[in-house]
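First the structure, in the form of structure tokens, and then the observations on it.
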Amino acid sequence: MQLGLVLLLVLAAVSAYATFQEMERAIGQIYSSWWFISILSFISLNLLLCTVQRFRPLYRLALQPHKTTTAEDISRMQVHRAIAVKEAAEPLAAAEAAFRANGLRVSVAEGPAGRVVCGEKGRWGYLGSVVSHLSLLVILLGALYGVLTGYEVTNGGWVGSRFSVPEGNFDVEITDIRMEQEDDPTIRPRVYSDVTVSRDGKVLVQDTVSINYPVRFAGNTIYHDTFIYFPQIKLTDLETGETGASRFLEGDRVFLDAGRTMYLELRQFFSNFSMRPDGTPYNVNYRTDRPVAAGELVRDRQQQGVVFLPLHKAQVFETPGGRVEVVMTGYELASVFSVSKNLGRPYLFAGSLLLIIGLYMSFFIIPERYYAFYAESNGTLLLGGRGYRSRLGIAGRMERMEAQIKRREESKSSCQA
Amino acid sequence: MPGLIAVSPVGLWVENAFFTLAVVLYLAAAISYLINVQGKSEWGGFASLVLKIAFLTHSLFMMARAYNVQRLPFVGHYEFGNLFIWATALVYIWTEWRLKEKYYAVGAFITPLLMLYFAYLTVIPSIIPAVVVSRAHRPLLPILQSDWLSIHVASSVFGYAGFTLAFAGAMIWLLKKSISAESPLSRVLPVGEALDEYIYRASGFGFLFQTVMIISGAIWADISWGRYWGWDPKEMWSLITWFVFAVYLHARFTREWTGWRAIALVALGWVAMLFTWIGVAWLLPGLHAFG
């Protein structure tokens with residue numbers, strides 16, 4: 001287990017270092033590295049071996065305890081007392097009564113040295129560490145199973161569009177997208193996407209995807225990831241009168257001439273455009289009051305400068321093929337989804353629940369076991385107690401039980417007098 | 001201002017009045033507990049009473065805040081910090097009630113820690129301009145509008161409360177080590193073995209709730225973002241805190257680590273917890289930037 005503690009500290013130190021790195025770099029170069037995974041694997045192996053090693057002794061301790069004991073054993077227990085008494089039968093009855101009065105489960109057994117009263121509580125607490133360790137293994141194996149058998153893809157589209165998920169063998173059609181602005185326009189609005197999922201033409205599910213409300217079916221899940229705008233740009237060749245229009249995504253190139261030597265590379269769509277005094281464009285908020293598509297004009301691979309295309313405001317460019325008019329005629333809201341399948345999820349949840357139960361057993365169910373034995377040779381009632389994790393609790397209860405037994409002895413003496 | 005919840009002047013006054021009164025009462029409790037450990041044992045009961053009144057006043061503040069923001073006040077540094085202090089006071093009052101007056105001495109270490117946390121919410125932002133603790137009444141962001149928020153935050157504050165109690169115990173242990181065993185101060189502090197168990201039980205309490213916090217956060221992230229772990233700095237520091245306390249709890253139990261090594265681990269765990277709460281927010285940007 002000492003190795004496990006060292007490995008946990010190493011893992012904590014490495015993780016702390018990684019958080020000070022840029023997140024993508026930390027994920028790529030640290031959390032996914034062979035040595036980080038090796039540390040995790042060693043910890044898992046250590047956990048497994050410790051659990052196997054400790055299971056049997058703890059199981060015996062919890063469910064198959066020794067019900068008998070001897071005077072020597074009692075004297076070696078964590079907490080022990082010797083009370084001088086007069087008779088053999090009564091002191092054990094007094095101990096039994098004191099055990100019961102303290103909420104202990106009592107059993108009486110005949111041992112080689114004589115009758116022994118045993119009282120116990122919280123025996124399931126012995127197994128807390130085993131349950132916690134097992135649950136961690138279930139979580140780790142669940143995560144591994146999910147990674148090995150599942151998939152995760154990102155896809156999306158606008159109203160009426162459809163995309164395929166070959167990994168899950170189904171298609172997703174987006175039937176509607178609604179945006180709900182918050183009172184505070186600087187807060188990201190909520191987007192609701194109605195989707196129809198089908199396989200081989202048969203509808204599997206029809207539902208709405210939104211933040212915090214994914215759509216689940218047959219082990220697959222469609223989550224709302226984000227939303228984007230697709231500007232619709234219309235080109236008109238002023239020489240020939242030819243027109244063409246299409247939707248474009250950030251990063252797309254809008255070619256202005258047939259030879260493709262001149263194009264507009266779309267950089268960003270601003271739904272509510274403004275410009276800082278230093279000339280940097282920015283979105284005032286999430287409203288769509290002033291939509292502008294911004295891009296870089298490139299000619300013969302040379303950047304010519306930034307072009308802003310406000311809605312319905314045409315701009316004319318001189319191209320090798322003549323003059324071309326470019327205008328943003330509209331923009332379309334599109335939803336981006338994260339689609340995944342994680343078969344390890346049930347095991348992760350089961351493991352998590354088991355972990356909470358195990359930790360509750362470990363820290364809130366404190367096992368205590370007490371023994372009472374009458375040593376005839378010197379007329380002494382021997383009381384012994386041993387526990388797990390709480391020596392003070394044992395000592396406190398022993399003190400109370402000793403006082404109860406002594407009071408009973410005293411009242412018996414006064415009655416006899 | 002757009003996006004802010006309209007709060008009536010009376011509502012705002014009540015909220016601020018309860019907050020100020022709670023801070024003053026917590027401070028009075030801290031002073032009383034400190035006088036108690038100076039050998040004036042008659043101050044112990046008074047300090048405990050003042051702390052309970054401070055806690056009730058703080059509860060009234062939380063209720064006023066909840067009324068004003070029209071939701072549970074669980075979000076942002078100001079609300080989370082107050083909830084954390086409130087939970088720590090509650091857990092301490094509960095332990096004091098269970099363990100009786102012999103543990104009044106722990107109050108002399110817990111209440112100054114509460115004042116330290118209050119300082120982060122009130123004084124520190126005015127000293128360090130980069131630290132902004134907004135008291136604005138804002139509605140919940142769409143991403144936070146989930147039932148998991150309550151479970152995640154509630155378990156978080158109780159986890160932190162347990163770790164704070166453990167750290168207070170660790171400070172007492174260090175103080176006892178640095179003064180003569182015969183000194184009056186040493187005599188009013190809990191005995192070594194009791195203190196050791198106090199730290200262990202408080203850490204165990206915090207550890208259970210920290211676990212619930214991590215798990216509930218993972219489930220919520222799975223629902224919201226489609227993945228239960230994102231390697232976000234806040235997630236990682238919660239896990240680091242969990243690792244450190246896991247090492248302490250194992251070492252204390254299986255290898256019977258007590259003394260310096262155990263105290264060092266508890267102190268390290270508390271620092272990690274504090275960094276998770278405060279340090280990550282200002283030094284390491286990530287997905288948890290809701291404050």
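Bear in mind that the values in this text are calculations on the coordinates, not laboratory data. Quick caveat, the model's predicted, so the values are computed rather than measured. Positions of Cβ are backbone-derived with ideal geometry, glycine not excepted, and every protein chain shown enters the neighbour counts.
Of note:
- Radius ratio Rg over Rh of the range B:42-141, counting only Cα atoms, Kirkwood formula for Rh: 1.03
- When each of B:GLU235, A:GLU332 is scored by the number of other beta-carbon atoms lying within 10 Å, the sequence from fewest to most is A:GLU332, B:GLU235.
- Residues listed by number, the range A:156-180, amide nitrogen under 13 Å from A:THR196 label point at 7 Å toward C-beta: A:160-163, A:171-176
- At q = 0.13, 0.14 Å⁻¹ the log10 of I(q)/I(0) for the range B:147-291 amounts to -0.60, -0.68, computed by Debye summation with a single uniform scatterer per C-alpha, solvent ignored.
- Couplings 3J(HN,Hα) for the range A:286-298, derived from phi with the Karplus relation 6.51 cos²θ - 1.76 cosθ + 1.60 (θ = phi - 60°), are 8, 5, 10, 6, 9, x, 9, 9, 10, x, 9, 8, 10 Hz, where x marks Gly and Pro.
- Net charge of Cβ neighbours under 13 Å - reference A:PRO346; Lys, Arg +1; Asp, Glu -1: +2
- Residues B:SER186, A:SER15 in ascending order of nearby Cβ atoms (within 10 Å, fewest first): B:SER186, A:SER15.
- Computed on the Cα atoms alone, the convex hull of the range A:229-334 gives a volume of 95 cubic angstrom per residue.
- If you model the protein assembly as shown as an ellipsoid using its alpha carbon gyration tensor, with each semi-axis the square root of five times an eigenvalue, the axes come out at 64, 31, 21 Å, biggest first.
- Point-charge dipole on Cβ atoms (K/R +1, D/E -1) for the protein assembly as shown, about Cα centre, debye to 20: 2660
- Take each residue in B:72-82, count the other chain C-beta atoms within 10 Å of its C-beta, and the mean is 0.
- Chain A, helix-only ellipticity at 222 nm - DSSP H runs n ≥ 4, -39,500 (n - 2.57), divided by all residues, nearest 500: -11000 deg cm²/dmol
- 3J(HN,Hα) along the range B:92-97: 5, 4, 5, 5, 5, 5 Hz, from the Karplus curve 6.51 cos²θ - 1.76 cosθ + 1.60 with θ = phi - 60°, whole Hz, x for Gly and Pro.
- Kyte-Doolittle at least -1.0, axis length at least 24 Å by Cα - qualifying DSSP helices, chain A: A:2-19, A:34-63, A:128-149, A:345-364
- Residues A:GLU265 and A:ALA350, FRET efficiency given R0 of 56 Å [Cβ-Cβ distance, rounded to 0.05]: 0.65
- For chain A, a Gaussian network of Cα nodes joined below 10 Å ranks A:LEU58, A:LEU256, A:LEU140 by mean-square fluctuation, and the top entry is A:LEU256.
- Surrounding net charge for A:PHE364, when Lys and Arg each add one and Asp and Glu each subtract one, Cβ distance under 12 Å: +2
- Radius of gyration and maximum dimension Dmax of the range A:1-107, Cα, Å: 25.5, 78
- Cut-off under 5 Å, modelled amide H: who pairs with B:SER146 long-range: none
- For the set A:LYS67/B:LYS100; A:LYS121/A:LYS406; A:LYS202/A:LYS234, the pairs lying more than 30 angstrom apart at their alpha carbons are A:LYS67/B:LYS100; A:LYS202/A:LYS234.
- Counting Cβ atoms of other protein chains within 10 Å of each Cβ in B:19-25 and taking the mean gives 0.
- In Hz, Karplus ³J(HN,Hα) per residue of the range A:199-207 (6.51, -1.76, 1.60; θ = phi - 60°; x = Gly, Pro): 9, 6, x, 9, 6, 8, 7, 10, 7
- Once Rg and the Kirkwood radius are both taken over the C-alpha atoms of chain B, their ratio Rg/Rh works out to 0.98.
- Exposure proxy ranking, count of Cβ atoms within 10 Å, fewest first, for A:THR243, B:THR211: A:THR243, B:THR211
- Mean ellipticity per residue at 222 nm, deg cm²/dmol - from DSSP H runs of n ≥ 4 across chain B, formula -39500 (n - 2.57): -25500 deg cm²/dmol
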